[in-house]
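Chemist: Before I ask anything, here is the structure I am working with.
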Amino acid sequence: MGGLALGASLQQHRLSNGTCFLWQTAYCTGEAYLPESLLLVLSTHLLLPVVPCPHASMNVNIARAYVHAVFTSVHVSCLLFGIALFLVAIARLDALESDNIAMELVDVDDDEDVSLEDEEHESLVYQRRHKRETRQARALEKLASAKKTRSFLDLLHEANLEALPSHVPTYLRAAVGPPSSSARRHFCSVCGYFANYTCTICGARFCCIRCQKIHTDTRCQKFIA
Amino acid sequence: MTRASVGAGGGGGGGGGGVSLKAVVLDNGAGWCKAGVAGSENPEALVPNCVARPHSGKQRWLVADQVLACDELQRLGIRRPADRGYLIASELQKEIWERIFRTLLKIRPSETSLLLIEPPFTLPSIQKLTDELIFEEFGFRSLFVADPASMTHHYLQHRNPDSDLARSRCSLIVDSGFSFTHTSPVVYNVTCNAAVKRIDLGGKALTNYLKELVSYRTLNMMDEQWIMEDVKEKLCYCSLDVASDMNIARKVGAENYIRCNYILPDGLHFKRGIVKNPDVVPLAYRHLSLPESTNTPKSQGDMPMAKDEKVTVPNAQELTVTNERFLVPEMLFHPADLGMNQAGIAECIVRAVSACHRDLQPLLYKSVVLTGGTTKLPGFKERLELELRPMVPAEYDLKVHALDNPIVAPWRGGSLFASSEEFESCSITKGLHTKWQHFGHANKNG
Ligand SMILES: Nc1ncnc2c1ncn2[C@@H]1O[C@H](COP(=O)(O)OP(=O)(O)OP(=O)(O)O)[C@@H](O)[C@H]1O
Ligand SMILES: [Mg+2]
Ligand SMILES: [Zn+2]
Ligand SMILES: [Zn+2]
């Protein structure tokens, strides 16, 4: 795969100040943030060095210029494009994996609240069940508000499956791989119909003048990809 | 690997004669847990594998079956113990299993054997996590781990002993559930791991894609995964002619029989979302012969039905979907359309089959079986046949079998196996497990 060779050649260009190339390309694609775990996977697939980026607020143009300056010997725009597409595809997959987790967390109830409800005349069974339920309620409260456990991609990275001999079937080797034909249909980003036109500013697709107008008026550049 | 796996035992299950030990079967899908006592036809517990809490709330977290009873679905916050199909948060999983085993099934783990159906290629670290949960936290008496493909195969073999599948003992199981889609050749009743292929797309990705499309085009539904899952299950279908459906979906007025309206739950008048024009829904795939169950969505019972377009409900918010209905499932057949560098489901099947010996290939194509909730999409089977036929050598028979209840098919296989006589001798007891763990440790250190 082209990606691997490309990554390998990049590795030699590892920046002396420890800035990660990947972070910068991530900025160039407009993704403000890529989770650490994804970077780890990228680094194993693309063999790219991954180190924390010291310039978390680097803006797109500066990053682009910076990369230009460092990789003068390579066709930077091609590289960027190739990796950017790869990153966008992965970021997409990540979006498709997300859950509804954005919500405010409520404080854990204090013990006092519970004991108030424990009236003496309640049966023992009820009390026991009640106790179990309160225990569970509290445990869940804690679990749900806890910082995310390690993701599957973290565990995958740790498992170091690449090191296994090539005849061993693994999670990585079971991936179906790219399609045999690169043919791709495009759908209008406004109405979903087959799209023949592309927005010159943001690359979004549309099918007709009416949809183009809606696009430029209300959503041009709202989303990437 | 210290785990027993299904297979070698061969065909016959004793059908439960004189089995002393109680066994429980758990298909721990990332979307839904299916759990029940071995030997039954259906799992007693079919519950979401998550905890959830209404957005407004001071309420406590709802667990598993409690989520199904929740009447405030808007912006429901969801936490799942699985990531990309694999168990990662064992503490959270423990709470859900606790609810299933103690409250719903009312079993005593120390007197029970467990048959666990776990996705293929579970990482060693996750296997360890799972084993600890089962033996240390719950203290099950013994454990047997199986994969969904061989269990589905097992079920079909028993249900239909005269089928090609049962006679050749070979099948190609397509399992498209919540997290991913696997195509697994089963050869002589054993899943051929080296040939299994996976697409990283399943029901969850479809729901999230629908959510994105709708949010971009009409109404912001980005926080509504739970509701959009229902919209998807009630309205999406696989098109057999995308170009023609696309043109119909573009029409205005009654000619556009693809457009459907869904009344969003508001927690007041509508505790559940409902399809406003249910008679219109099947028109888009009326030429298919469908199992009846697909046409009658389950949870509409006590809800007021807006049969007539003119019936208006105060403040009811409606969602209109048109071509999203078939564009979303298109994703499974052509992930490349979305810029994803993965082959579609038909090609995935071909690759899995091609990885097996030449002589097996015609047998596999003869028994392609669809399992997992996502294969319930109307038209899934027909669309797959349409895509697959040109890719399969003309001299081979191609038969795709849809199941009436694809969500519980692996569980039923597990239920059959766990009530057979071989089961006990196949599973690992707690003592043996501990011994092996020590052995593994010693090996690592020495
Ligand atoms: N009628 C339907 N139409 C479309 N999708 C459906 C339908 N019924 C269920 N589903 C989808 O099927 C998925 C659940 O299927 P299933 O229970 O087989 O998955 P799972 O075993 O929990 O997940 P996995 O095995 O991938 O971890 C959900 O994403 C659900 O939306
Ligand atoms: Mg499953
Ligand atoms: Zn358009
Ligand atoms: Zn634009």
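The values are calculated or read from the model by the stated rules, or taken from the named source; none is laboratory data. Small disclaimer: the values here were computed from a predicted structure and weren't measured. Note that we place each Cβ from the backbone using ideal geometry, even for glycine, and neighbour counts take in every protein chain shown.
Chemist: Take residue B:64 and tell me if it is touching a Cys at 6+ places or on another chain (Cβ under 8 Å) and within 16 Å of ligand 1 (Cβ to nearest atom).
Modeler: yes
Chemist: Going residue by residue through region B:84-93, is there one that turns out to be part of a strand (DSSP E or B), of a type outside the set (D, E, K, R), under 21 Å from the mean Cα position of the chain (by Cα) and within 30 Å of residue A:159 (Cβ to Cβ)?
Modeler: yes
Chemist: Further question on the same structure: Condition check: of a type in the set (Gly, Ala, Ser), crowded, with 18+ Cβ neighbours inside 10 Å, away from ligand 3 (no atom under 16 Å from the Cβ) and under 29 Å from residue B:332 (Cα atoms). Does residue A:174 satisfy that?
Modeler: yes
Chemist: Something else: Would you mind stating whether residue A:208 is surrounded by fewer than 18 Cβ atoms within 10 Å (Cβ to Cβ), near ligand 4 (Cβ under 9 Å from one of its atoms) and over 24 Å from the mean Cα position of the chain (by Cα)?
Modeler: no
Chemist: Within region A:182-202, how many residues are loosely packed, with under 12 Cβ neighbours inside 10 Å and either more than 8 Å from chain B (Cβ to nearest Cβ) or touching a Lys or Arg at 6+ places or on another chain (Cβ under 7 Å) (or both)?
Modeler: Selection size over region A:182-202: 3.
Chemist: Restricting attention to region B:118-133, does a residue exist that is more than 20 Å from the chain's Cα centre (by Cα) and away from chain A (no Cβ under 14 Å)?
Modeler: Checking region B:118-133: at least one residue is more than 20 Å from the chain's Cα centre (by Cα) and away from chain A (no Cβ under 14 Å).
Chemist: Which of the residues belonging to region B:331-345 are in contact with a Phe, Trp or Tyr (Cβ under 7 Å, 6 or more places away or on another chain) and of a type in the set (A, V, I, L, M, F, W, C)?
Modeler: B:331, B:345
Chemist: So how many residues does region B:215-245 have that are in a helix (DSSP H, G or I) and either more than 16 Å from ligand 2 (Cβ to nearest atom) or among the basic types (Lys, Arg) (or both)?
Modeler: 16
Chemist: Go over the candidates A:203, A:192 one by one and state the one that is of a type outside the set (A, V, I, L, M), away from ligand 1 (no atom under 16 Å from the Cβ) and modelled with pLDDT of 90 or more.
Modeler: Result of the check over A:203, A:192: A:192.
Chemist: Mind listing whichever residues of region B:267-300 are among the polar types (S, T, N, Q) and either at pLDDT 90 or above or in a helix (DSSP H, G or I) (or both)?
Modeler: Answer for region B:267-300, where residues must be among the polar types (S, T, N, Q) and either at pLDDT 90 or above or in a helix (DSSP H, G or I) (or both): B:293, B:294, B:295, B:299, B:300.
Chemist: In region B:231-271, what count of residues is obtained for those that are under 28 Å from the mean Cα position of the chain (by Cα) and within 23 Å of residue B:382 (Cα to Cα)?
Modeler: 16
Chemist: Going by the conditions given, is residue B:235 touching a residue at least 40 places away in the same chain (Cβ under 8 Å) and within 11 Å of chain A (Cβ to nearest Cβ)?
Modeler: So residue B:235 fails the test.
Chemist: Hey, can you tell me all the residues within region B:82-101 that are more than 9 Å from chain A (Cβ to nearest Cβ) and touching a Leu at 6+ places or on another chain (Cβ under 6 Å)?
Modeler: Hit for region B:82-101 is B:93, nothing else.
Chemist: Also: From the list B:136, B:111, B:41, B:95, which one is more than 16 Å from ligand 1 (Cβ to nearest atom), in contact with a Ser or Thr (Cβ under 8 Å, 6 or more places away or on another chain) and not polar (S, T, N, Q)?
Modeler: Being more than 16 Å from ligand 1 (Cβ to nearest atom), in contact with a Ser or Thr (Cβ under 8 Å, 6 or more places away or on another chain) and not polar (S, T, N, Q) holds for just one of B:136, B:111, B:41, B:95, which is B:41.
Chemist: Quick check on my filter: what residues within region B:58-81 are touching a His at 6+ places or on another chain (Cβ under 8 Å) and among the small types (Gly, Ala, Ser)?
Modeler: Result: B:77, single match.
Chemist: Within region B:349-389, count every residue that is outside any loop (DSSP other than H, G, I, E, B) and within 16 Å of ligand 2 (Cβ to nearest atom).
Modeler: Summing the residues that are outside any loop (DSSP other than H, G, I, E, B) and within 16 Å of ligand 2 (Cβ to nearest atom) in region B:349-389 gives 8.
Chemist: With within 30 Å of residue B:128 (Cα to Cα) and modelled with pLDDT of 95 or more as the only criterion, which of B:393, B:410 stands out?
Modeler: Answer to the check: B:410.
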